[in-house]
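Colleague: Below you'll find the structure I mean.
The values are calculated or read from the model by the stated rules, or taken from the named source; none is laboratory data. Computed from a predicted structure; not experimentally measured. Heads up, the Cβs are rebuilt from the backbone with ideal geometry, glycines too, and the neighbour counts pull from every protein chain shown.
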Amino acid sequence: MKIDLKFKYQDLIKYFKNETPFEPLVAIVLGSGLGGFAQSVKVLKSFSTFSLPGYPPSTIKGHEGKIHFAEYENKKLLLFQGRIHFYEGYKISECILPVFIANLLKCKYLLLTNAAGGINSNLAPGDLMINLSLNGINIKKEVAGLIGLSSVSGKNNFKNFPSAHFNKIIKLAANKEKIELKEGTYWFTKGPSYETPAEVRMIGNFWGDAVGMSTAHEAILGAYLGLETASISCITNYAAGITGQKLSHEEVTATAGLVEKKFEKLVKKTISLLD
């Protein structure tokens, strides 16, 4: 049965219709350790998600739980400083709230960012990877319940997934800033634990380049709704079993912090090139 998001979040919809200062051009979801980007642009209005009706609180370190209406080079931005994950115990109807809000506020572009474990030997901690494809096979059932019977327009929208136009802009931004931008496929897992070495080997055998616990369902819904959707992964660690080192969330956020300036330059240049 399809989830009626407009009914479920009717109070949240009313709240944003009354409180939204402008119509954003682009919505950006900031992944683990990447939330500092919000401090690098002009923030005009902020909301704590703890105060929003029906909005689930983020429980993970590195996810502040704030929504910012901001501006950079006269481009209007909607920033989600923190996201909602399955491994926190939330349902898909809650995990896709940033995308639902971005669509509600008529954003044209949706940029999803995340911290991911590198599987491909060409990836190392500190690399930035544009996702040319995403594998969300582990979440197909939940996405089907979210979308319901697919419409013709939704199917046609999904043909442009990820957005070729948006990806081209991101690559151009990387070239202009002389940032090495790797390319690959992001593989989604639900968590709550990191992947086992056996799972990592399987993902690699099926052409997964990096792995993480977010983004895929957000990207699928964003593209289905007609937003020009793209995603960038910050490779924060080698996936389990590749080096023998024990994984930790502290390592993820620490590495993301080290590439903060490179990430900031790439995203700012991308914003400046948006039409």
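Colleague: Considering only the range 120-149, state which residues are in contact (Cβ under 8 Å) with a residue 24 or more places away in the chain and among the hydroxyl-bearing types (Ser, Thr, Tyr).
Modeller: Once the filter is applied, which keeps residues that are in contact (Cβ under 8 Å) with a residue 24 or more places away in the chain and among the hydroxyl-bearing types (Ser, Thr, Tyr), the range 120-149 yields only Ser133.
Colleague: Just a yes or no: is a residue in the range 59-77 under 25 Å from Val211 (Cβ atoms), part of a helix (DSSP H, G or I) and among the small types (Gly, Ala, Ser)? Spell out how you get there, then give the answer.
Modeller: From the range 59-77, those under 25 Å from Val211 (Cβ atoms) are 59-65; that's our starting set.
Then keep just the ones that are part of a helix (DSSP H, G or I); that gives none.
Looking for residues that are under 25 Å from Val211 (Cβ atoms), part of a helix (DSSP H, G or I) and among the small types (Gly, Ala, Ser), one finds none in the range 59-77, hence no.
The rows are residues; the columns are (1) more than 18 Å from Thr113 (Cβ to Cβ); (2) surrounded by 18 or more Cβ atoms within 10 Å (Cβ to Cβ); (3) out of contact with any strand residue (DSSP E or B) (no Cβ under 6 Å at 6 or more places or on another chain).
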position: Lys6; (1), (2), (3): yes, no, yes
position: Asp11; (1), (2), (3): yes, no, yes
position: Ala38; (1), (2), (3): no, yes, no
position: Lys42; (1), (2), (3): yes, no, no
position: Ile60; (1), (2), (3): no, no, yes
position: Gly65; (1), (2), (3): no, yes, yes
position: Leu78; (1), (2), (3): no, yes, no
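Colleague: Hey, could you check the range 235-261 for residues that are within 11 Å of Leu34 (Cβ to Cβ) and modelled with pLDDT of 75 or more and say which is surrounded by the fewest Cβ atoms within 10 Å (Cβ to Cβ)?
Modeller: Looking at residues that are within 11 Å of Leu34 (Cβ to Cβ) and modelled with pLDDT of 75 or more, I get Glu260.
Colleague: Another question about this same structure. Out of all the residues in the range 21-36, which are buried (at least 17 other Cβ atoms within 10 Å of the Cβ) and under 23 Å from Leu104 (Cα atoms)?
Modeller: As a first pass, look at the range 21-36 and keep what is buried (at least 17 other Cβ atoms within 10 Å of the Cβ): 24-36.
Pro24, Leu25, Val26, Ala27, Ile28, Val29, Leu30, Gly31, Gly35 - these are the residues of the range 21-36 that are buried (at least 17 other Cβ atoms within 10 Å of the Cβ) and under 23 Å from Leu104 (Cα atoms).
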